[in-house]
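The values are calculated or read from the model by the stated rules, or taken from the named source; none is laboratory data. What you are looking at is a predicted structure, and each value in this text was computed from that prediction instead of being measured. Using ideal geometry, Cβ is built from the backbone for each residue, glycine included, and neighbour counts are taken over all protein chains shown. Areas reflect the complete protein model, heavy atoms only, side chains present, ligands, DNA and RNA absent. Shrake-Rupley method; radii C 1.70, N 1.55, O 1.52, S 1.80 Å.
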Amino acid sequence: MNNTILEVHNLQFKRGNREILNIDHFALHERETIALIGPNGAGKSTLLQVMALLLKPTRGTVEFRGVPATHQNALAIRRRMAVVFQEPLLLNATVYENVATGLKLRGVPQGEIKKRVDRWLELLGIAHLAGRRSHQLSGGEAQRVSLARAFALEPDVLFLDEPFSALDFPTRLSMLNELDRLLKDTEIAAIFVTHDFSEVPYLTDRVAVLKDGRLVKTGTFEEIFKVKPRRENYITSLYRVFESDAAG
Ligand SMILES: Nc1ncnc2c1ncn2[C@@H]1O[C@H](COP(=O)(O)OP(=O)(O)OP(=O)(O)O)[C@@H](O)[C@H]1O
(Lines give C-alpha, C1' and ligand atoms only; values in the text may rest on other atoms or scores of the structure.)
Protein backbone atom coordinates (compact mmCIF):
# COMPACT_ATOMS: atom_id res chain seq x y z
CA MET A 1 0.00 0.00 0.00
CA ASN A 2 1.45 3.40 -0.88
CA ASN A 3 -1.01 5.52 1.10
CA THR A 4 1.12 5.37 4.22
CA ILE A 5 0.77 8.32 6.55
CA LEU A 6 3.06 7.26 9.37
CA GLU A 7 5.80 4.67 9.37
CA VAL A 8 8.61 3.52 11.62
CA HIS A 9 11.77 1.77 10.41
CA ASN A 10 14.41 -0.12 12.34
CA LEU A 11 13.15 1.36 15.58
CA GLN A 12 14.76 0.87 18.95
CA PHE A 13 13.90 2.67 22.15
CA LYS A 14 15.96 2.17 25.28
CA ARG A 15 15.62 3.46 28.82
CA GLY A 16 19.13 3.34 30.23
CA ASN A 17 20.46 -0.05 29.16
CA ARG A 18 17.02 -1.58 28.96
CA GLU A 19 15.52 -2.10 25.53
CA ILE A 20 11.82 -1.19 25.62
CA LEU A 21 11.06 -1.33 21.88
CA ASN A 22 12.62 -3.09 18.93
CA ILE A 23 10.48 -2.86 15.80
CA ASP A 24 11.68 -3.38 12.24
CA HIS A 25 8.71 -1.81 10.54
CA PHE A 26 5.24 -0.56 11.37
CA ALA A 27 2.97 1.56 9.19
CA LEU A 28 -0.33 3.39 9.55
CA HIS A 29 -2.26 4.15 6.38
CA GLU A 30 -4.57 7.03 5.48
CA ARG A 31 -8.05 6.69 7.07
CA GLU A 32 -6.99 3.55 8.90
CA THR A 33 -7.61 2.73 12.56
CA ILE A 34 -5.14 0.37 14.18
CA ALA A 35 -5.75 -1.18 17.59
CA LEU A 36 -2.41 -1.61 19.32
CA ILE A 37 -2.81 -4.33 21.89
CA GLY A 38 -0.61 -6.31 24.23
CA PRO A 39 -0.11 -7.16 27.88
CA ASN A 40 0.89 -4.64 30.57
CA GLY A 41 4.40 -3.37 30.03
CA ALA A 42 4.59 -4.58 26.39
CA GLY A 43 5.59 -1.07 25.25
CA LYS A 44 2.29 0.14 23.74
CA SER A 45 2.34 3.60 25.33
CA THR A 46 6.02 3.98 24.57
CA LEU A 47 5.48 3.13 20.90
CA LEU A 48 2.59 5.57 20.74
CA GLN A 49 4.72 8.33 22.21
CA VAL A 50 7.60 7.59 19.86
CA MET A 51 5.24 7.70 16.86
CA ALA A 52 3.68 10.93 18.16
CA LEU A 53 7.22 12.38 18.38
CA LEU A 54 6.91 12.86 22.14
CA LEU A 55 9.83 10.48 22.76
CA LYS A 56 12.93 10.28 20.60
CA PRO A 57 13.92 6.79 19.48
CA THR A 58 17.38 5.52 20.41
CA ARG A 59 17.74 4.25 16.85
CA GLY A 60 15.66 4.29 13.68
CA THR A 61 13.26 6.70 12.05
CA VAL A 62 9.66 7.85 12.24
CA GLU A 63 8.39 9.06 8.87
CA PHE A 64 5.36 11.26 8.33
CA ARG A 65 4.06 11.13 4.76
CA GLY A 66 7.42 9.76 3.66
CA VAL A 67 9.48 12.48 5.37
CA PRO A 68 11.73 11.35 8.25
CA ALA A 69 11.13 13.34 11.45
CA THR A 70 14.12 15.44 12.47
CA HIS A 71 14.82 18.01 15.14
CA GLN A 72 14.03 20.72 12.56
CA ASN A 73 10.65 19.46 11.30
CA ALA A 74 9.34 17.72 14.46
CA LEU A 75 7.16 20.62 15.63
CA ALA A 76 5.53 21.02 12.20
CA ILE A 77 4.81 17.28 12.07
CA ARG A 78 3.51 17.22 15.66
CA ARG A 79 1.01 19.89 14.65
CA ARG A 80 -0.52 17.36 12.25
CA MET A 81 -1.10 15.00 15.18
CA ALA A 82 -3.22 14.92 18.32
CA VAL A 83 -2.98 12.69 21.37
CA VAL A 84 -5.67 11.64 23.84
CA PHE A 85 -4.34 10.08 27.02
CA GLN A 86 -5.98 7.91 29.65
CA GLU A 87 -6.11 10.95 31.95
CA PRO A 88 -7.70 13.91 30.16
CA LEU A 89 -4.96 16.40 31.30
CA LEU A 90 -7.20 19.43 31.07
CA LEU A 91 -6.15 23.01 31.79
CA ASN A 92 -7.64 24.63 34.88
CA ALA A 93 -10.01 26.64 32.68
CA THR A 94 -13.44 26.32 31.10
CA VAL A 95 -14.38 23.55 28.71
CA TYR A 96 -14.52 26.11 25.89
CA GLU A 97 -11.02 27.41 26.69
CA ASN A 98 -9.67 23.87 26.91
CA VAL A 99 -10.79 23.13 23.37
CA ALA A 100 -9.84 26.57 22.03
CA THR A 101 -6.31 26.83 23.45
CA GLY A 102 -4.59 24.44 21.02
CA LEU A 103 -6.19 26.28 18.11
CA LYS A 104 -4.97 29.66 19.42
CA LEU A 105 -1.45 28.24 19.74
CA ARG A 106 -1.63 27.12 16.12
CA GLY A 107 -2.63 30.60 15.01
CA VAL A 108 -6.16 29.66 13.87
CA PRO A 109 -8.21 32.88 13.34
CA GLN A 110 -10.63 33.80 16.14
CA GLY A 111 -13.84 33.29 14.11
CA GLU A 112 -12.69 29.89 12.94
CA ILE A 113 -11.78 28.91 16.52
CA LYS A 114 -15.31 29.64 17.72
CA LYS A 115 -16.82 27.71 14.82
CA ARG A 116 -14.65 24.68 15.44
CA VAL A 117 -15.03 24.66 19.22
CA ASP A 118 -18.83 25.01 18.99
CA ARG A 119 -18.99 22.25 16.40
CA TRP A 120 -16.92 19.76 18.39
CA LEU A 121 -18.60 20.49 21.71
CA GLU A 122 -21.90 19.85 19.94
CA LEU A 123 -20.71 16.64 18.25
CA LEU A 124 -19.45 15.27 21.54
CA GLY A 125 -22.65 16.20 23.36
CA ILE A 126 -21.01 18.68 25.76
CA ALA A 127 -22.13 22.05 24.35
CA HIS A 128 -24.07 22.67 27.56
CA LEU A 129 -20.80 22.39 29.52
CA ALA A 130 -18.91 25.07 27.54
CA GLY A 131 -18.68 27.46 30.51
CA ARG A 132 -18.00 24.78 33.13
CA ARG A 133 -14.50 24.64 34.62
CA SER A 134 -12.54 21.45 34.13
CA HIS A 135 -12.41 20.46 37.81
CA GLN A 136 -16.22 20.46 37.88
CA LEU A 137 -16.51 17.68 35.27
CA SER A 138 -17.08 13.94 35.70
CA GLY A 139 -14.48 11.55 34.26
CA GLY A 140 -16.63 10.83 31.20
CA GLU A 141 -17.31 14.52 30.56
CA ALA A 142 -13.63 15.35 30.93
CA GLN A 143 -12.70 12.66 28.42
CA ARG A 144 -15.26 14.07 25.98
CA VAL A 145 -13.56 17.46 26.34
CA SER A 146 -10.23 15.82 25.68
CA LEU A 147 -11.63 14.21 22.50
CA ALA A 148 -13.24 17.50 21.38
CA ARG A 149 -9.89 19.22 21.88
CA ALA A 150 -8.11 16.60 19.78
CA PHE A 151 -10.67 16.54 16.93
CA ALA A 152 -10.90 20.35 16.82
CA LEU A 153 -7.23 20.43 15.85
CA GLU A 154 -8.26 18.57 12.67
CA PRO A 155 -5.20 16.33 12.89
CA ASP A 156 -4.08 13.89 10.20
CA VAL A 157 -3.31 11.29 12.86
CA LEU A 158 -4.97 10.76 16.21
CA PHE A 159 -3.25 8.77 18.96
CA LEU A 160 -5.46 7.36 21.68
CA ASP A 161 -3.82 5.81 24.71
CA GLU A 162 -6.42 3.81 26.63
CA PRO A 163 -8.68 6.86 26.61
CA PHE A 164 -11.68 5.16 28.18
CA SER A 165 -10.15 2.78 30.69
CA ALA A 166 -11.11 4.92 33.68
CA LEU A 167 -14.76 5.15 32.63
CA ASP A 168 -17.65 2.98 33.72
CA PHE A 169 -18.84 0.33 31.27
CA PRO A 170 -21.95 2.09 29.81
CA THR A 171 -20.02 5.35 29.35
CA ARG A 172 -17.13 3.47 27.75
CA LEU A 173 -19.46 1.71 25.36
CA SER A 174 -21.13 4.90 24.22
CA MET A 175 -17.76 6.66 23.84
CA LEU A 176 -16.40 3.77 21.76
CA ASN A 177 -19.39 3.94 19.44
CA GLU A 178 -19.13 7.71 19.13
CA LEU A 179 -15.41 7.65 18.52
CA ASP A 180 -15.85 5.00 15.85
CA ARG A 181 -18.44 7.19 14.09
CA LEU A 182 -16.30 10.34 14.38
CA LEU A 183 -13.22 8.63 12.97
CA LYS A 184 -15.23 7.30 10.03
CA ASP A 185 -16.82 10.69 9.36
CA THR A 186 -13.58 12.66 9.61
CA GLU A 187 -11.40 10.00 7.93
CA ILE A 188 -8.64 10.72 10.46
CA ALA A 189 -6.10 7.91 10.77
CA ALA A 190 -5.79 6.64 14.33
CA ILE A 191 -3.83 4.35 16.59
CA PHE A 192 -5.81 3.16 19.57
CA VAL A 193 -3.92 1.57 22.45
CA THR A 194 -5.83 -0.75 24.70
CA HIS A 195 -5.23 -3.80 26.79
CA ASP A 196 -8.96 -4.42 27.03
CA PHE A 197 -9.78 -6.82 24.21
CA SER A 198 -13.48 -6.09 24.44
CA GLU A 199 -12.71 -2.63 22.99
CA VAL A 200 -10.91 -3.98 19.94
CA PRO A 201 -13.91 -4.71 17.68
CA TYR A 202 -15.03 -1.07 17.91
CA LEU A 203 -12.08 0.73 16.46
CA THR A 204 -10.20 -1.56 14.20
CA ASP A 205 -9.23 -1.89 10.58
CA ARG A 206 -6.11 -3.70 11.66
CA VAL A 207 -4.74 -5.04 14.91
CA ALA A 208 -1.08 -4.85 15.92
CA VAL A 209 0.06 -7.08 18.77
CA LEU A 210 3.02 -5.94 20.82
CA LYS A 211 4.80 -8.23 23.26
CA ASP A 212 8.05 -7.48 25.10
CA GLY A 213 8.61 -4.44 22.87
CA ARG A 214 8.31 -6.42 19.65
CA LEU A 215 5.54 -6.49 17.11
CA VAL A 216 4.55 -10.14 17.10
CA LYS A 217 1.51 -9.96 14.80
CA THR A 218 -0.31 -7.50 12.60
CA GLY A 219 -3.41 -8.20 10.57
CA THR A 220 -7.13 -7.72 10.32
CA PHE A 221 -9.25 -8.59 13.31
CA GLU A 222 -10.20 -11.91 11.72
CA GLU A 223 -6.61 -12.76 10.83
CA ILE A 224 -5.45 -12.13 14.37
CA PHE A 225 -8.33 -13.53 16.37
CA LYS A 226 -9.73 -16.14 13.95
CA VAL A 227 -13.25 -14.91 14.63
CA LYS A 228 -15.37 -12.23 13.02
CA PRO A 229 -15.36 -8.88 14.81
CA ARG A 230 -18.50 -8.60 16.87
CA ARG A 231 -19.02 -5.89 19.37
CA GLU A 232 -19.17 -7.94 22.49
CA ASN A 233 -16.87 -9.23 25.14
CA TYR A 234 -14.23 -11.63 23.80
CA ILE A 235 -11.93 -11.60 26.75
CA THR A 236 -11.48 -15.33 27.27
CA SER A 237 -11.35 -16.51 23.66
CA LEU A 238 -8.95 -13.83 22.55
CA TYR A 239 -6.07 -14.51 24.90
CA ARG A 240 -4.76 -17.14 22.53
CA VAL A 241 -3.31 -14.36 20.40
CA PHE A 242 -0.43 -14.18 22.91
CA GLU A 243 0.31 -17.89 22.76
CA SER A 244 2.52 -17.61 19.68
CA ASP A 245 5.43 -15.24 19.05
CA ALA A 246 5.42 -15.84 15.29
CA ALA A 247 5.48 -12.52 13.46
CA GLY A 248 2.74 -12.10 10.90
N1 LIG B 1 9.19 6.67 32.68
C2 LIG B 1 9.65 5.40 32.68
N3 LIG B 1 10.81 5.10 33.25
C4 LIG B 1 11.29 3.83 33.24
N5 LIG B 1 10.67 2.79 32.67
C6 LIG B 1 9.49 3.04 32.09
C7 LIG B 1 8.91 4.35 32.06
N8 LIG B 1 7.74 4.29 31.39
C9 LIG B 1 7.58 3.00 31.03
N10 LIG B 1 8.63 2.25 31.44
C11 LIG B 1 8.82 0.81 31.22
O12 LIG B 1 8.78 0.57 29.82
C13 LIG B 1 8.08 -0.65 29.55
C14 LIG B 1 6.96 -0.37 28.57
O15 LIG B 1 6.02 0.49 29.19
P16 LIG B 1 4.71 1.00 28.46
O17 LIG B 1 4.02 1.94 29.38
O18 LIG B 1 5.07 1.48 27.11
O19 LIG B 1 3.88 -0.36 28.33
P20 LIG B 1 2.34 -0.58 27.98
O21 LIG B 1 2.29 -1.72 27.03
O22 LIG B 1 1.73 0.70 27.55
O23 LIG B 1 1.76 -1.04 29.39
P24 LIG B 1 0.30 -0.86 30.07
O25 LIG B 1 -0.65 -1.72 29.32
O26 LIG B 1 0.56 -1.36 31.46
O27 LIG B 1 -0.04 0.59 30.04
C28 LIG B 1 7.59 -1.19 30.89
O29 LIG B 1 8.47 -2.20 31.31
C30 LIG B 1 7.67 0.00 31.80
O31 LIG B 1 7.98 -0.41 33.12
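Worth pointing out:
- The residues of the range 55-78 that are loosely packed, with under 15 Cβ neighbours inside 10 Å and either within 12 Å of the ligand (Cβ to nearest atom) or not small (G, A, S) (or both), listed by number, are K56, R59, T61, R65, V67, P68, T70, H71, Q72, N73, L75.
- Filtered residue count, the range 121-131, keeping only those that are in a helix (DSSP H, G or I) and in contact with a Leu (Cβ under 8 Å, 6 or more places away or on another chain): 4
- Exactly one residue among F225, F151 is more than 16 Å from the ligand (Cβ to nearest atom), more than 25 Å from R65 (Cα to Cα) and either touching a strand residue (DSSP E or B) at 6+ places or on another chain (Cβ under 9 Å) or at pLDDT below 90 (or both), and that residue is F225.
- The residue list S146, S174, S134 contains one member that is among the hydroxyl-bearing types (S, T, Y) and over 19 Å from L203 (Cβ atoms), which is S134.
- Candidates in the range 45-54 are the residues that are open to solvent by 10 Å² or more (accessible area, probe 1.4 Å) and not in a loop (DSSP other than H, G, I, E, B); of these, the one that is farthest from the ligand (Cβ to nearest atom) is Q49.
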